[in-house]
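Report on the structure given below.
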């Protein structure tokens, strides 16, 4: 019974996060081909893991910083944010969260860049966690628990200030 409640809760979280019910269906049909005759628990775990990868875009994560901080990181070989010392991790976003983070925390800040990070190259743990101001939120943000090596950055996109002061990418993500 507890296992069923856990699955329902995770699927509901995925539904709230993405509002795309097709993700779970697609993941289920894909896993049906991978695990045609296995136990139900293994199949459900595989479905949920695949759906989470789609929803949370674990193939790439994003971090907003200043151009000066990025240039300094290129010289040293690693990037660290102030939050790494104060909170123990570097705040990042999924592709769906970048616009909201830019509008909320970086409105009016000039000379910003968006770093596209490959989690496999980080060498540090990445956890998807609820925001500190609302721990009950279904939305999860990626947090990098360590310094970011320059080699983990696969793309740097300049952010331009729109008329309302919100930074927007110069090129589409």
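Read the figures in this text as sums done on the coordinates, not as results from a lab. Computed from a prediction, not measured in an experiment: that's the story for all the values here. We place every Cβ from the backbone using ideal geometry, glycine too, and count neighbours over all the protein chains shown.
Worth a mention:
- Residue match in segment 112-127 (condition: more than 17 Å from the chain's Cα centre (by Cα) and either touching a residue at least 60 places away in the same chain (Cβ under 8 Å) or outside any strand (DSSP E or B) (or both)): no
- Screening 124, 120, 99, 162 for residues that are buried (at least 16 other Cβ atoms within 10 Å of the Cβ) and either closer than 16 Å to residue 61 by Cα or in contact with a strand residue (DSSP E or B) (Cβ under 6 Å, 6 or more places away or on another chain) (or both) leaves exactly one candidate, 124.
- Residues of segment 128-145 classified as more than 9 Å from the chain's Cα centre (by Cα), in a strand (DSSP E or B) and in contact (Cβ under 8 Å) with a residue 24 or more places away in the chain, total: 2
- Among the residues making up segment 66-98, those that are under 18 Å from the mean Cα position of the chain (by Cα), over 16 Å from residue 156 (Cα atoms) and in a helix (DSSP H, G or I) are 83, 84.
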